[in-house]
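A.B. asks: Can you read through this structure? Questions will come right after.
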Amino acid sequence: MYLFIFFDFLKKGDQYLKTWPKQNCLYSLFIDSKMVCYTQLLIKIFPLFVVLIASLYIVFPAYFSWASTATFILFLIGLPTHCLLWLGKRSQQSLSPALFSWYLEVSEVLHGKQLGQQVMIDKPRFIDLAKLLNKGFKKGGDNFLYNNELI
């Protein structure tokens, strides 16, 4: 049961990682942008460090014990896993009241007033915000938020 929840959060975190827009203007507004950047970096470089640590154990067995090598490898595997778990949990959180009003403003700019009424019923989450921002940046370009005076 708990293992299913664990892997479900990992999958949602990976989906959120792929969905969140990679725009410079969002780095000062959301911690999610930084976490996405750090997680992508960790996923790219942690296999290199795992191979390096395993190689050091093989080349210099007198200096590195198997227990410390295994512990360090597990720690390295845990870093991107923890980031994906955090992103998965964050993607399912409801927006705060301040973010909710900002979400409505962005939604009204993109879709007009009609969809804004529908959003009031739905209770958007951070994954919905990511999808909306993606849609906005695709429609309005990199300066979408600046051009519509949303920040």
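A.B. asks: Give the residue, chosen from Asp32, Asp14, that is within 20 Å of Gly136 (Cα to Cα) and within 9 Å of the chain's Cα centre (by Cα).
C.D. replies: Just one listed residue meets the conditions, Asp32.
A.B. asks: Now a separate question. Would you point out the residue of region 46-104, among those that are in a loop (DSSP other than H, G, I, E, B) and without any contact (Cβ under 8 Å) to a residue 12 or more places away in the chain, that is nearest to Leu129 (Cα to Cα)?
C.D. replies: Result: Ser96.
A.B. asks: Pick out the one residue from Ala130, Ala67, Ala98 that is at pLDDT 90 or above, outside the structural domain of Lys34 (by TED's automatic domain parsing) and either farther than 30 Å from Phe46 by Cα or of a type in the set (Gly, Ala, Ser) (or both).
C.D. replies: After ruling out the rest, the residue left standing is Ala130.
A.B. asks: Still on this model: Within region 35-44, which residues are surrounded by 15 or more Cβ atoms within 10 Å (Cβ to Cβ) and under 12 Å from the mean Cα position of the chain (by Cα)?
C.D. replies: Met35, Val36, Thr39, Gln40
A.B. asks: If you don't mind, there's one more thing I want to ask. What about Leu3, is it of a type outside the set (Phe, Trp, Tyr), touching a residue at least 24 places away in the same chain (Cβ under 8 Å) and either out of contact with any helix residue (DSSP H, G or I) (no Cβ under 8 Å at 6 or more places or on another chain) or not assigned by TED's automatic domain parsing to the domain that holds Asp128 (or both)? Steps first, answer last, please.
C.D. replies: On the way: of a type outside the set (Phe, Trp, Tyr): yes; touching a residue at least 24 places away in the same chain (Cβ under 8 Å): no; either out of contact with any helix residue (DSSP H, G or I) (no Cβ under 8 Å at 6 or more places or on another chain) or not assigned by TED's automatic domain parsing to the domain that holds Asp128 (or both): yes.
Answer is no for this residue.
A.B. asks: Residue check: is Phe49 closer than 14 Å to His82 by Cα and among the aromatic types (Phe, Trp, Tyr)?
C.D. replies: Judged against the criteria, Phe49 is not a match.
A.B. asks: Of the residues Ser68, Ser107, only one is under 22 Å from the mean Cα position of the chain (by Cα), among the polar types (S, T, N, Q) and over 27 Å from Phe7 (Cβ atoms); which?
C.D. replies: One residue alone meets the criteria, Ser107.
A.B. asks: To continue, here is another question. Quick check on my filter: what residues within region 25-38 are touching a residue at least 60 places away in the same chain (Cβ under 8 Å) and not acidic (Asp, Glu)?
C.D. replies: Cys25, Leu26, Leu29
The values are calculated or read from the model by the stated rules, or taken from the named source; none is laboratory data. Note that the structure is a prediction, hence the values are computed from the model and not measured. For neighbour counting, all protein chains shown are included, and Cβ atoms are generated from backbone atoms with ideal geometry for every residue, glycine included.
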